[in-house]
1. Convex hull over the Cα atoms of segment 66-109, averaged projected area in nm²?
2. With all protein chains present, how much of the accessible area of the chain (probe radius 1.4 Å) comes from carbon and sulfur, to the nearest whole percent?
3. Under 5 Å between amide hydrogens, which residues at least 5 positions from A38 or on another chain qualify, with H placed 1.01 Å from N in the peptide plane?
4. Quick one: Karplus J couplings for segment 32-39, per residue in order, coefficients 6.51, -1.76, 1.60, θ = phi - 60°, nearest Hz, x for Gly and Pro?
5. For the chain, what does -39500 (n - 2.57) per DSSP helix run (n ≥ 4), summed and divided by total residues, give at 222 nm, in deg cm²/dmol to the nearest 500?
6. Among N31, G107, L122, flag the residue with its Cα farthest along the positive direction of the charge dipole of the chain, charges on Cβ as +1 for Lys/Arg and -1 for Asp/Glu.
7. Over the Cα atoms of the chain, what is the Rg over Rh ratio if Rh follows Kirkwood?
8. Once amide H atoms are built 1.01 Å from N in the peptide plane, which residues 5 or more positions from T66, or in another chain, come under 5 Å H to H?
Amino acid sequence: MDCNEFISSMKSHGALFAPPAPQNAVILANNALQNIHAAILPKFIIELYTKCSAINLGNGYIFGPTEVKRGTHHPIPSIVQINSDLSSIPSMRGKTIFGRNDLFWFGFDTFGNCFMLDNLNLNILRKYDNPWQSVTDCLLAGKL
């Protein structure tokens, strides 16, 4: 699966997409993540941000480089906001959360390896070979 196939699949499930992120927003997010000792954005997330800056499907969210306002709904926080809130947790050093749903958090490490985390204690539950599968699992589990 690649970025275009992922987006097509999520559209068919009814996902809502925020507009593409400006390049400077991605650069600023990367710098902010580095400053809090989180993992910087891997290639697949940067590619996704060039097509959409955040995604919502049911209770599943992929966080973008900036906060996304949603009318009368609560905004989708930025990837930096989420990770700043979690930066004091020792197990999160060198990791970045990119998405969540009601059941799990989803993140990547400094090598771009993706994983599913327990919603309560942030322990790794599953590692992914394909990053697009992790993003898909995040959103589709939010639709259940």
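The values are calculated or read from the model by the stated rules, or taken from the named source; none is laboratory data. None of the values given here were measured: they were computed from a predicted structure. In this analysis, Cβ positions are derived from the backbone assuming ideal geometry, glycine residues included, and neighbour counts consider all displayed protein chains. Heads up: the accessible areas ignore ligands, DNA and RNA and are worked out on the full protein's heavy atoms, side chains in. Shrake-Rupley method; radii C 1.70, N 1.55, O 1.52, S 1.80 Å.
1. 3.5 nm²
2. With neighbouring chains kept in place, the figure for the chain is 54 percent.
3. The list, which skips near neighbours in sequence, is G94.
4. Listing the rounded values in order: 5, 5, 4, 5, 9, 6, 9, 6 Hz.
5. Numbers: 5 runs with 53 residues, N = 144.
Mean residue ellipticity, 222 nm, calculated: -11000 deg cm²/dmol.
6. N31
7. Details: Rg = 13.7 Å, Rh = 14.8 Å.
Using Cα coordinates only, the ratio equals 0.92.
8. The answer is I79.
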